[in-house]
């Protein structure tokens, strides 16, 4: 349950005052008090006591609405409605009079400065969303750390609504806890989702359409000192989990929002217009899908014995480097004796991220690195020549653009790119 017990209010005859005992409480969910007429209103994360100036309780406690620290209506030009934290809109997106819609591949919004939440303390994030296309994992709202993010609110691995929080800034389910609701499927309707981190209770909660959908124990949050994102998250320092659909009315509270107020938000703030259509990414950013599928290069196992050893493999007869392209997304993996190596979750074992094509230049972003290639396609033969390699975790990014410098920075990237790749399949997942 969300209810808490309040400290008693000290009465002072003939005067209305704000309780001094509360002045040292830094928790905005419990320390806010307001004099209204002859009443003292005490705001709480769960309920509000109404007490007269003489100390007598006036009826049953009634909820007092908490005020969000930040609000983005995501309409018009995307100007923030509260908190003053500007957003930068990136990739394929469309702002209309009531919401923003994203393509699910590149489109998202990101705050102009780090924050705004202390993710190790109690907080609430709420949003109206439209899930318009299938996606394995999709984040409507997240706050980024270096490699991943402290939380994701959106769609989880099993196509279920979820609110996920991390115990460490590392990729993988071993560092994740989540509250997971009903299975979701693409539709043309708005859904209200809310994630609550109740640090005091050691719980995380997911609300869907104003009702509690799931909760789970959680006691070891990680602080995310990066920006907040709307429409994507990240893994291995690479943008990912893009949202395929529309988002409106994102609200952020550094407090536990009571269930009654979440229900009220659902009942009173539903967008009046249907969700806008999902925009398609500009096909020119991935060369009209001309690279879609898989591309292989067979390399002598003796030339990659260090890699074979790192992978724990023995007696390898055939070793291939494989690139998989799926519109604006890509991965790089390895095929050993005809079998594609995969992570425990089934995804190819190798780098993955996003790509942008500008003329004959192809830019790949993955795990904190941006690699720039000159690409050339001749039938089913793809040639990649490295032009520059940048460590984007540096500020400003640290870039090198000569072969010797690239070899010093990351020799493996030269090893896997100075070849001609042959088309090996049309399915980018294999």
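No value in this document is a laboratory result; all are computed from the given coordinates. Please read these numbers as outputs of a predicted model, since none were measured by experiment. Please note: Cβ atoms are built from the backbone with ideal geometry, for glycine as well, and neighbour counts cover all protein chains shown.
Modelled label positions at residue 267 and residue 315, each set 7 Å beyond Cα in the direction of Cβ, lie 7.0 nm from each other.
Each of the peptides 84-94, 201-211 was scored by the mean count of other Cβ atoms within 10 Å over its residues; in descending order, highest first, they stand as 201-211, 84-94. Spread over its residues, the convex hull of the C-alpha atoms of segment 239-374 is 192 Å³ per residue. Spatially, segment 148-166 and segment 248-290 are offset by 15 Å when compared through their Cα centroids.
Where a ≥ b ≥ c are the square roots of the eigenvalues of the C-alpha gyration tensor, would you call segment 86-195 rounded, which needs a/c under 1.5, or, failing that, prolate if a/b is larger than b/c, or oblate? Taking the square roots of the gyration eigenvalues as a ≥ b ≥ c, segment 86-195 is oblate. With the convex hull drawn over the C-alpha atoms of segment 149-280, the volume per residue is 116 Å³. Distance between the C-alpha centres of segment 99-137 and segment 322-389: 26 Å, rounded to the whole angstrom. Ranked by the mean number of other Cβ atoms within 10 Å of their residues, highest first, the peptides 265-273, 171-179 fall in the order 171-179, 265-273.
Taking other C-beta atoms within 10 angstrom as a stand-in for reagent exposure, 363, 278 fall in the order 363, 278, fewest first.
The length gained by stretching the chain between residue 189 and residue 292 to full extension, at 0.36 nm per residue less their Cα-Cα distance, is 34.0 nm. With the highest mean first, a sort of the peptides 130-139, 311-320 on other beta-carbon atoms found within 10 angstrom per residue produces 130-139, 311-320.
Take the Cα radius of gyration of segment 343-400 and divide it by 2.2 N^0.38 Å, N being the number of residues; the result is 1.30.
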